[in-house]
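The values are calculated or read from the model by the stated rules, or taken from the named source; none is laboratory data. Note that the structure is a prediction, hence the values are computed from the model and not measured. Using ideal geometry, Cβ is built from the backbone for each residue, glycine included, and neighbour counts are taken over all protein chains shown.
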Amino acid sequence: MKAEQLHGLWTVRFTNPPAGLPNQATLLLERHAEFSESLGGLVSRDLGQAIGSKAIAGHAPKAMIAGDLEGGMLLLDESSDNVSITGTWNGEMVEGSCGKAFKGTWKDTSRSAPDNAPDIPFTLNRLQ
């Protein structure tokens, strides 16, 4: 599988996200602007939907995504400020999904993340 086969719109569901982040988001994957074999894109979250808490400092409703697909592993970095990495994504293609589903973990690496920030499980499913 090549990175270009992942271009499109995806829905993300997080299991027990940190307070201030919603349990779902939308991910747009496309060709990276500088590295044609890599992925670029945008993750969009409705921070107003996070149950019972204010949005987390260090995270924006829209964050840039960049990364690669290596041997069925999806490795993405997220940046809410286009400078520092505010989240990391490590996912594996779900067997039998033909590249239309991934499961993995997201980690908060923003300035507001605790030193021992937990890995947050996610599922990623292709919308189009």
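Residues in segment 37-93 that are on the phi > 0 side of the Ramachandran plot, surrounded by 15 or more Cβ atoms within 10 Å (Cβ to Cβ) and modelled with pLDDT under 90: G58 only. So is I120 touching a Pro at 6+ places or on another chain (Cβ under 8 Å), in contact (Cβ under 8 Å) with a residue 24 or more places away in the chain and either surrounded by fewer than 17 Cβ atoms within 10 Å (Cβ to Cβ) or assigned to a strand (DSSP E or B) (or both) or not? Yes.
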